[in-house]
Amino acid sequence: MIAINYISNLSVQQGRGGWDGMNKNVYQQLKHFASVNLIDNVNPKVSFSTRLVSKIKRILGLPAPFPQFSLHRLNAIADEVEKRINLNYNFNFFHGSTPWLKVKNDVPYACYLDATFSTYLAIYHSNVRFEVASLIELERKFLSNAKAVFFSSQWSLEQTRKDYNLPGHNFFVAGLGGNLPYPTSLPIVEKKRFVFSGLDFKGKGGELVAEAFKIFSTQRAGFIMTFIGETPPEHVLKMSGVEYTGYLNKQNDNDLKRYQKYLSESIALVLPTSRDLTPLVIIEAGYYGCPSIATHAYGIPEIISEHGCLCEAPARVEDVVKAMMKLTDRMDLDQTLIQDFYQKNFTWDVVGARIKLVIDKLD
């Protein structure tokens with residue numbers, strides 16, 4: 001059996017969603033075919049002085065260091081990892097890439113990414129100037145020297161080729177899955193609900209969703225717009241037909257059941273996001289036969305079933321309203337068709353099989 005050092009800055013015990021959910025699931029998939037030495041929670045503190053210098057420079061409008069990936073912290077990460085690596089193992093497998101740029105890799109290595117540091121900055125910090133040229137070059141070398149770089153989407157892979165000027169001969173799309181159990185059956189109910197789920201209300205398009213629902217409600221009465229996650233602004237909470245569930249922790253049994261209920265009873269997930277990569281909630285909704293209305297951007301088109309709707313980016317209110325009307329008129333759609341699409345293409349077992357296939361050829 002192949003032996004792998006699995007290295008992460010997160011705990012594999014956490015799997016709430018997003019990047020930490022990916023971490024937990026990739027680790028579990030590696031364990032299906034490899035002996036795994038777990039090196040997780042590699043997360044030394046960011047120094048106060050580095051944070052302070054970065055903040056002052058940003059306030060002054062000057063290029064600032066990125067505190068989480070200062071040279072001092074990257075070296076501290078490397079020191080911790082190198083003490084815990086088993087050099088007799090066949091592979092190092094990293095969750096992500098940027099934290100590990102100073103780790104000495106004396107054995108072959110691979111990594112799993114949803115996006116590189118360059119892509120992350122472009123999406124989430126486009127209005128801030130950071131001093132990152134040396135980091136980008138280090139990451140370019142890290143990716144170039146890896147035996148395999150697994151991406152969650154083809155979009156992210158292509159962005160990396162472009163941004164880092166790499167041929168990508170060692171790049172592979174592994175895909176991704178959801179962080180919810182796959183249901184064995186779905187309730188037969190009259191659907192009168194749309195759902196939005198996100199911890200970044202503005203960035204995920206929450207304001208746009210509220211405005212679209214307001215217009216939609218003037219044409220179709222009796223529908224509900226359910227918001228899950230970050231608290232919407234007061235004016236949204238006061239809108240007729242709007243309900244807010246609060247944050248639902250999927251690791252809590254009661255919250256999980258409520259979350260599953262909302263997805264299975266919804267006409268569609270509405271997520272016209274402007275800050276994203278490959279939102280897992282689209283896949284999770286699909287597990288419950290719920291199609292998505294989302295933005296034609298990032299890796300989203302790759303994870304939308306043919307029964308969902310894509311709105312050109314940046315999404316417009318009228319396009320979201322049109323999509324809501326369209327899916328309301330198709331409520332007799334067989335939910336199992338949507339389920340089948342996600343079960344065949346977007347589960348962690350599928351991801352694990354793709355990773356194993358590549359690693360077996362490298363070993």
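Here is how the numbers come out for the structure above:
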item: Of all residues making up region 52-70, the number that are closer than 25 Å to residue 8 by Cβ and at pLDDT below 90; result: 2
item: Residues satisfying the stated conditions in region 212-244, i.e. closer than 20 Å to residue 286 by Cβ and either of a type in the set (Ser, Thr, Tyr) or modelled with pLDDT under 95 (or both); result: 226
item: Region 23-47, subset of a type in the set (Val, Ile, Thr) and open to solvent by 10 Å² or more (accessible area, probe 1.4 Å), residue modelled with the highest pLDDT; result: 36
item: Output for region 347-363, where each listed residue is within 15 Å of residue 149 (Cβ to Cβ) and touching a residue at least 12 places away in the same chain (Cβ under 8 Å); result: 351, 354, 355, 358, 359, 362
item: Residue match in region 348-356 (condition: touching a Lys or Arg at 6+ places or on another chain (Cβ under 9 Å), open to solvent by less than 70 Å² (accessible area, probe 1.4 Å) and closer than 27 Å to residue 274 by Cβ); result: no
item: Candidate set from region 294-322 (those that are open to solvent by 40 Å² or more (accessible area, probe 1.4 Å) and under 17 Å from the mean Cα position of the chain (by Cα)); member that is nearest to residue 272 (Cα to Cα); result: 296
item: Within region 191-216, tally of residues that are in a helix (DSSP H, G or I), open to solvent by less than 40 Å² (accessible area, probe 1.4 Å) and not β-branched (Val, Ile, Thr); result: 6
item: Set 104, 45: member being within 18 Å of residue 142 (Cα to Cα), part of a loop (DSSP other than H, G, I, E, B) and of a type outside the set (Phe, Trp, Tyr); result: 104
item: Residue check, residue 188 outside any loop (DSSP other than H, G, I, E, B) and either touching a residue at least 12 places away in the same chain (Cβ under 8 Å) or closer than 24 Å to residue 241 by Cβ (or both); result: no
item: Hits in region 175-188 - residues which are among the hydrophobic types (A, V, I, L, M, F, W, C), touching a Ser or Thr at 6+ places or on another chain (Cβ under 7 Å) and at pLDDT below 90; result: 186
item: Within region 263-293, tally of residues that are of a type in the set (A, V, I, L, M, F, W, C), in contact with a Pro (Cβ under 9 Å, 6 or more places away or on another chain), over 16 Å from residue 18 (Cβ atoms) and surrounded by 24 or more Cβ atoms within 10 Å (Cβ to Cβ); result: 2
item: Failed item in (1) in contact (Cβ under 8 Å) with a residue 40 or more places away in the chain; (2) more than 24 Å from the chain's Cα centre (by Cα), with residue 26 passing the rest; result: (2)
item: Test: residue in region 121-134 that is under 29 Å from residue 54 (Cα atoms) and surrounded by 22 or more Cβ atoms within 10 Å (Cβ to Cβ); result: no
item: Conditions (1) surrounded by 20 or more Cβ atoms within 10 Å (Cβ to Cβ); (2) touching a Gly at 6+ places or on another chain (Cβ under 8 Å): number failed by residue 154; result: (1)
item: Some residue of region 167-174 being farther than 27 Å from residue 270 by Cβ, at pLDDT 95 or above, open to solvent by less than 20 Å² (accessible area, probe 1.4 Å) and outside any loop (DSSP other than H, G, I, E, B); result: yes
item: Residue check, residue 108 surrounded by fewer than 18 Cβ atoms within 10 Å (Cβ to Cβ), more than 20 Å from residue 159 (Cα to Cα), touching a residue at least 24 places away in the same chain (Cβ under 8 Å) and touching a helix residue (DSSP H, G or I) at 6+ places or on another chain (Cβ under 8 Å); result: yes
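Each row is one residue, and each column tells you yes or no for (1) open to solvent by 60 Å² or more (accessible area, probe 1.4 Å); (2) over 22 Å from residue 347 (Cα atoms); (3) in contact with a helix residue (DSSP H, G or I) (Cβ under 9 Å, 6 or more places away or on another chain).
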| residue | (1), (2), (3) |
| --- | --- |
| 6 | no, no, yes |
| 17 | no, no, yes |
| 21 | no, no, yes |
| 49 | yes, yes, no |
| 64 | no, yes, yes |
| 79 | yes, yes, no |
| 84 | yes, yes, no |
| 89 | no, yes, no |
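The values are calculated or read from the model by the stated rules, or taken from the named source; none is laboratory data. The shown structure was predicted, so the numbers you read here are calculated from the model rather than taken from an experiment. Neighbour counts are summed over all protein chains in view; Cβ atoms, including those assigned to glycine, are modelled from backbone coordinates with ideal geometry. Areas reflect the complete protein model, heavy atoms only, side chains present, ligands, DNA and RNA absent. Shrake-Rupley method; radii C 1.70, N 1.55, O 1.52, S 1.80 Å.
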